Each structure stands twice: as C-alpha cells, then as structure tokens.
Amino acid sequence: MKPRLQSKISLIAIALTLMVFSAMAISRSNFTRQREIPLKNIQFIDSGDSAETIALKASRVVPTDRQLKWQKRELAAFVHFGINTFTGKEHGDGMEDPAIFNPVDFDARQWVRVFKEAGLRLVILTAKHHDGFCLWPTSTTEHSVKRSPWRQGKGDVVREVAEACREEGLDFGFYLSPWDRHEKTYGTPEYNRFFQAQLRELLTNYGPIAEVWFDGYCGEGPGGRKQVYDWNSYYRLIRSLQPGAVIAIMGPDVRWVGNESGLARESEWSVIPLKASEEVLARLRASQASIEEVFQPEDLIGEDLGSRRVIAGAKALFWYPAEVDVSIRPGWFYHESQNSQVKTPEELFEIYLKSVGRNSVLLLNIPADRRGLISESDIRSLRGWRLLLDRSFNEGYIPKVEVRASSERPGYEARHLLAKQPEVAWSPNTRGKPVSVEIFLKTETVFDCLELGEDISSGQRIEEFTLEAWKEGKWMEIARGTTVGYKRLLTFRPVIAGRVRLTILQSRDLFYLNRLNLYKLAVQTGKPGS
Ligand code: FUL
C-alpha cells in the first residue's frame, strides 16, 4: 500500500472512531438526561422535545398525596338529599318553603353503617343543591334547615353525617352547588363572596374534609342572570383551610369521567395535557403561580384524553384522574316511584368492573328517603353487590405458585407478584421491547378475570398488554388491553389453564406492576374482554 493511501485510511479510521465515540457519548447523555427527569405532578414540554421524550415526561407525572389517597379508596358514596327529596323533583327552583323539609326518622349512622358494609370509604353529601337550600344552619342565608320543622330548626345534617363518618372510620366530603336558584345576589360579583362564605363554614366547622365536589352546571339565577364563578378564589380557600381535600369535577385534582352511566374508558389515562395559555404555563413553570391559582375547569368528554397522539400536542402534562359518578336509581334524588328501578347487584357489579376496573374511582349515589334513611330496596342491592364482590375477588381468587419474568430489576423481582397485593412491584430492566411474566397456578383452574395494577406513585406507564394461556402445547391469547393505571380488570370467557403469560407490549418507560391476579367471578359478565 502506498504511504499516502495508508495515511488516508488511518485518518478515515480515526474519524470513524471519533464519530462512534461521540455518538455513544450523546446517546449516553440522552439516557442520563431522561433518567434525570424527576417525578412531578406537572411536567412541561419543550418545543424541541421528541415524541420519545414526551412519552418519558408523561411517565414521570405522578399524583399528589391527596390524589393518591383518593384513588386508593376506590369506592365512595354520594348522597343526594335535600328539598327535592320532599318535592319529588330533581331540580328545585329555589322557591320551595323550608317548612317541607322534615325527615322525621333521620339517622346518619344508619346511612354510614350501610355504606361501610358495602365497602364504600368516603361519603359526599349534597350540602346545597341548585335550589339553594342549605343542609346546615348557615349564617349566609335564611334558606336552610334553620327554618324547617326538623329538630325544631336546631338540626344540622352536615354535622350529623360528618360525625357518623368519623365514628365509623369513613372519610367525609361535600357537594356544594355553585348554581344557586334561591340566592338574590346570584349573577353578581357579590355572589362569589357569598359562595366563599358558605365554603368557609363547611371547611372550618366539620372536621377533616376529604373531597369538595363542584358541579359544572351554571344555570340562570334571578332575572335570568348568569354567574361568572371565581373558581380560583374557591380553590385557594379550600387549599388554605383543608389542604388534604381533593377538588373534584370543576377543580384541579379529579376530573369528571364524562358520563353519568358508570362507564370509564377502555383506555383511561390519569396523565393528560394541561391546557392553559403560554403566559400561565410560563408562570407555573417559574413557580410564580400554583395550579389552584390558574386552573380553569372544563368538561373532558372525548374518547381519547391521553394517548401518545394526544400528548404529542401538549405544552404541559398533569395528573388528572377520572371519577365515575352514577346513581343507584334513575334519579339523583329519592323518589318512591323509582323503588322498583334500583340497580340490581349484577348491574352494580358491571359498573364496578367498568369504573374501578378501568383506573377510576366509583362515586355511587345512594339517596336518602323522606324519612331520612337509606331505603330498604337500596340496602338490598348494596348487600347483594357486596356479596358478589366478595365471592368474586376473595373466594374467586386463584392462587399462584410460581412466577418467571423475561426481565427484572434487582429489588423489583417478579416473585413479588405471587402475593395478592404485593408491597413491592415488578419492574423490568430492559426498555423499548416487550417483556413478559409467566404465572404457574396451583392446579389447572377455571378463571375469567384478570386484575392488573401499577404502582402509580411512580406514574402510569403501561400502554399495551396481552394475556395468554398455555393450552394444548401452545400459547393462546385470551385478553388484550391498553392502559392499566391504579387498577385494571379485564373479563373474558372462562378459560381452563394452569399457566398464563402476561406480556407488556408497550410502555412509556420501565413500568412498576404491583398487581397481577386471576379470578373466577361470581357473575357471568357475558361479554369477553370488557
Ligand atoms: C348534575 C346535577 O344537575 C344533578 O342534579 C346531580 O347533582 C349531578 C351529580 O350533577 O350536574
């Protein structure tokens, strides 16, 4: 070889080596940067962020402590009770005479005992509905229990329910309708001060409040006036007086699932875009404002709120989980005529699968009747429902004897999944390709439901998975899903097998799976893959 050619070749070799090394350095620094994205309640997207970086940022959005506590309760009771209970209406017009409110056998302890027995862990009471009648002796208006014959005008429904909850170990929260058809100041700035005063009373006089529920309904008040609600002032007040309370629906902590029929989405993301102006986002990012100072509520009813396609266009991502509110009866309030239309235990079970089983919290409305009690028909359904839940998720649990994963990280081994509710999650050590875990059952058994869960204190990361059963010498797919989140239940036609395989086909980063169980349900759900 000629010396000149030789030196040319060595120059090219040096250049190539340098290129390879710098590419390795860049990819290593990218990797380090990605690993360094801290876990946060809000992540901001930069204009140059790739789809991969956005997915990584999404994987690092986590709930606040109050959101985590709220999610772990899974089940809550909603109680619509008030003037409508006595008029038979769903929406009062604010002209009702307080004298008609007289629940002669009122017993909050009966309510709470019934709810506790059903497994509900929080009670949300309609302290004031759209008609403006207050269930507590407020100093803000005369339109309250004070002017009713009940307990000679000395009663306080809010106090009795809050105390009964405390006695039984349930949490307490309230619904306070911003729309007020009785209050004369409605539709003027004065009304915001009136509403704040009502909030202040409820937030200071009744012990710890776990949830404040703001209805989105903004109807007309006296003279056809509409109110411009000063949401941010309400949020600030709640945070200052009850920092542990989540603000739901028209608030920044918990979103409305988008329907009142007990149905969450098949793909229910708790990480979704935070919509706000550039200026607001800049202030949030610079910690010059907090979320409660700038959050503007809106109804999110679209089918896809958080897929990669949706987050690709986001400027910021935040943790905003879904709550499913649905009534045990056709109406929200008690109507005797609907006693034969109370949802059956089977219907409630189906709702459970499609709400709690789809990464949401179920807020089940059980209205008190005119006596001030939960009626017998509703109690019967709740008891039947609890029986089905216990028979399915306790007696129907299929024991596991061995677990083998294709990939696992020290400290997050798949064997933890042998427990029904592991303390430690399984997490793989390989990114970007499918990983699977094989489960060996004690014996060949019939099952028809898969339960999965992610440790959401590390975010929601799983995007696609399949479940297969080992049948006649080969793997057969029996279920397929997208999101998991806090809890995912998938039902399918009964399968007999002794060995199954869960494959996580795609995730936004290394995931933390902390629940993998199989069950034989006490109810035939009919449809596969719900
Ligand atoms: C709606 C209200 O108009 C209903 O009466 C009920 O309170 C429901 C939970 O929210 O917006």
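The values are calculated or read from the model by the stated rules, or taken from the named source; none is laboratory data. From a predicted model like this one, the values you see are computed outputs, not experimental measurements. Neighbour counts run over all protein chains shown; Cβ positions are idealised from the backbone, glycine included. Calculation scope for accessible area: heavy atoms of the full protein, side chains included, ligands and nucleic acids excluded. Shrake-Rupley method; radii C 1.70, N 1.55, O 1.52, S 1.80 Å.
Tell me the net charge near VAL401. Cut-off is 12 Å between Cβ atoms, VAL401 excluded, with +1 for each Lys or Arg and -1 for each Asp or Glu.
Spelling it out: positives minus negatives among the neighbours equals +3.
Mind checking the dipole of the chain: about its Cα centre, +1 per Lys or Arg Cβ, -1 per Asp or Glu Cβ, Debye to the nearest 20?
Computed about the Cα centre, the dipole is about 2200 debye.
With +1 assigned to the C-beta of every Lys and Arg and -1 to the C-beta of every Asp and Glu, and no other charges, what is the dipole magnitude of region 245-360 about the Cα centre in debye, to the nearest 20?
Here the size comes out at about 400 debye.
What number results when the radius of gyration of region 37-81, computed over Cα atoms, is divided by 2.2 N^0.38 Å?
Against the empirical 2.2 N^0.38 Å value, I get 1.70 for region 37-81.
List the extent of the Cα atoms of the chain along each of their three principal axes, largest first, rounded to whole Å.
Per principal axis, max minus min of the Cα coordinates gives 110, 59, 35 Å.
Near GLY244, within a Cβ-to-Cβ distance under 9 Å, what is the net charge of the other residues, with Lys and Arg +1 and Asp and Glu -1?
+1
Regarding region 400-519, what are the three Cα extents along the principal axes, ordered largest first, in Å?
Sorted from largest, the Cα extents of region 400-519 read 35, 25, 24 Å.
Could you point to the residue in GLY224, PHE492, PRO330 farthest towards the positive end of the chain's charge dipole, with +1 and -1 charges on the Cβ of Lys/Arg and Asp/Glu respectively?
PHE492
Probe of 1.4 angstrom, ligands and nucleic acids ignored: what's the accessible area per residue over region 153-197, in square angstrom?
Computed with neighbouring chains in place, this is 38 Å² per residue.
Can you spot the lysines whose alpha carbon is less than 26 Å from LYS146's alpha carbon? Ignore those fewer than 8 places along the same chain.
LYS89, LYS128, LYS154, LYS184
What Kirkwood hydrodynamic radius do you get for region 81-130 when you take the inverse of the mean 1/r over all pairs of distinct Cα atoms, in Å?
Taking every pair of different Cα atoms in region 81-130, averaging 1/r and inverting gives 12.6 Å.
Considering Cα pairs under 8 angstrom that are at least six residues apart, work out the relative contact order of the chain and quote it in whole percent.
15 percent
Per the 1.4 Å probe, what fraction of the accessible area of the chain, in percent, lies on carbon and sulfur atoms?
Here carbon and sulfur together make up 52 percent of the probe-accessible area.
Dipole of region 400-519, Cα-centred, from +1 at each Lys and Arg C-beta and -1 at each Asp and Glu C-beta, to the nearest 20 debye?
For this selection, approximately 60 debye.
Once you sort the root eigenvalues of the Cα gyration tensor of region 176-277 as a ≥ b ≥ c, which label holds: rounded (a/c under 1.5), prolate (a/b larger than b/c) or oblate (the other case)?
Taking the square roots of the gyration eigenvalues as a ≥ b ≥ c, region 176-277 is oblate.
Before I look further, what does region 400-519 give for accessible area per residue, probe 1.4 Å, in whole square angstrom?
Solvent-accessible surface per residue comes out at 40 Å².
Do me a favour and compute the ellipsoid semi-axes for region 48-158 from its Cα gyration tensor, root of five times each eigenvalue, largest one first, whole Å.
40, 19, 12
Is the shape of region 141-221 best called rounded, prolate or oblate, per the rule: a/c under 1.5 gives rounded, else a/b larger than b/c gives prolate, else oblate, with a ≥ b ≥ c the square roots of the Cα gyration tensor eigenvalues?
It comes out oblate by the Cα gyration axes.
When a/c reaches 1.5 or more, the comparison of a/b and b/c decides; with that in mind, is region 337-419 rounded, prolate or oblate per its Cα gyration tensor?
Because a/c hits 1.5 or more and a/b exceeds b/c, region 337-419 counts as prolate.
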